Each structure stands twice: as structure tokens, then as C-alpha cells.
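Data first, discussion second: the structure below is written as C-alpha cells.
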Amino acid sequence: MTEKDTDGLFSDLIQSLEESDLGLQPPHPQEDDTPPADGDAAVTAQEETAPETDYVLLSDLLREMPVDERSLVVENFEDGVRRGVIRSVPLEGAPFTVRLLVDGQPGRRRTLQDEIIQPTPEWTEWLQIQRTESSYLYRAATGRVSSTLERLRSGQDQFRRLAELRRQLARRTARTAE
């Protein structure tokens, strides 16, 4: 390819990305002399490119979350991004350290790159599942399967699942005692 063949390629790529299914609009839309049709609302270029402000930082999210609910959120994050459930962008130069369950060991520290996450209904559902499953993994690793009547009645904890976990821990304890 010659330089002449590549002229405008970069700007065409940028425009293509901006108009893609990401929903972005070109920063300087071409002027159209056609007046808007009756009933059409005129949208200004500033409104089209207004920054979204409902972002969540991964570091803030994890720090606000109990330690026992973090591990699968971290472990499965990339898979969520890959599947399109999580829309996020790495935050430049922003590593942070967080405690979580690593290789069955509670309280381990792990350093992660911070991410800017755009909350969506799919992300919210994914997050809740990861938090719940992390909690049960943590309980299995630590042997702490207790709950409260309030948590069981509200559905925060599942009685059958905790009872099964308790049974497995009791069997494991009996085997080691023999």
C-alpha cells in the first residue's frame, strides 16, 4: 500500500467506529440544510456527545462489597467482558489492591487494574450471581456456614444449600478424625 492508498484510512476508521453499534455519533456531524420534519425534536451536537455519568469504578465496587462476595466477581470479570455482559474500559495507571479468596485461601491480597464500568441490567444480574456464588465458596473454604433467621427468611441465604454445605463439612471433619 502506498501513502496515497492510506490517505483518509484513519479518519474513515474513526468515523466507522463512531457510527457503529456502540451508539456513538461523530463529534462534528455534517450540517444538513434540510429542516427537521414536523414533530421531530432537534438534537444539538452537545446533547449527542454528552458524557455519560453513571459509571462505576471496579475498585469502589469491590471495596464496598464484603470480602466473602468478591472472589468470583474478580475471577470471572474478563469472561463477562468477553461475553458482552460487562461494558468496561481499563482506567489508565490505576492499580489497586483488594483482599479476597484466592486458591481457597481467604484474606489473600490481589492487585488489579481498575476498570470503569457502565452499569446495565445484564451486568447487575451477573454481579448478583457472582456475589452470591462467591459467598458460598468463601463459606466452604472457611467452614463458616452459619446464617440468621432474617437472612434465610429474606432469601439472602438458601437453607438447603447451607445445610448441604454443613453436611459436607461434617463429613470432611469426620474423615480427618478417623
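The values are calculated or read from the model by the stated rules, or taken from the named source; none is laboratory data. If you're wondering where the values come from, they're calculated on a predicted model, not measured in any experiment. Here the Cβ positions follow ideal geometry from the backbone for every residue, glycine too, while neighbour counts run over all protein chains shown. Each accessible area value is taken on the protein alone, full model and side chains, heavy atoms only, with ligands, DNA and RNA left out. Shrake-Rupley method; radii C 1.70, N 1.55, O 1.52, S 1.80 Å.
The number of residues in the stretch 59-77 that are part of a helix (DSSP H, G or I), free of Cβ contacts under 8 Å to residues at least 60 places away in the same chain and within 18 Å of Leu137 (Cβ to Cβ) comes to 4. Among the criteria (1) modelled with pLDDT under 90; (2) farther than 24 Å from Leu62 by Cβ, the one Leu149 does not fulfil is (1). Against the list (1) out of contact with any Ser or Thr (no Cβ under 8 Å at 6 or more places or on another chain); (2) touching a residue at least 60 places away in the same chain (Cβ under 8 Å), the condition Ser154 fails is (2). Looking at the stretch 78-101, which of the residues that are under 9 Å from the mean Cα position of the chain (by Cα) and without any contact (Cβ under 8 Å) to a residue 24 or more places away in the chain is nearest to Arg139 (Cα to Cα)? So, considering only residues that are under 9 Å from the mean Cα position of the chain (by Cα) and without any contact (Cβ under 8 Å) to a residue 24 or more places away in the chain, the one nearest to Arg139 (Cα to Cα) is Glu78.
In the set (1) outside any helix (DSSP H, G or I); (2) open to solvent by 90 Å² or more (accessible area, probe 1.4 Å); (3) not basic (Lys, Arg), the condition left unmet by Leu101 is number (2). If you go through the stretch 132-157 and keep only what is within 24 Å of the chain's Cα centre (by Cα) and outside any helix (DSSP H, G or I), you end up with Gly155, Gln156, Asp157.
Ser71 meets the stated requirement of being within 30 Å of Arg110 (Cα to Cα), under 14 Å from the mean Cα position of the chain (by Cα) and at pLDDT below 95. Within the set Gln128, Gln118, Gln113, the sole residue that is open to solvent by 90 Å² or more (accessible area, probe 1.4 Å) and under 18 Å from Arg63 (Cα atoms) turns out to be Gln128.
Please indicate, with yes or no, whether at least one residue in the stretch 80-88 is at pLDDT 95 or above, of a type in the set (Val, Ile, Thr) and in a strand (DSSP E or B). For the stretch 80-88, residues at pLDDT 95 or above, of a type in the set (Val, Ile, Thr) and in a strand (DSSP E or B): absent.
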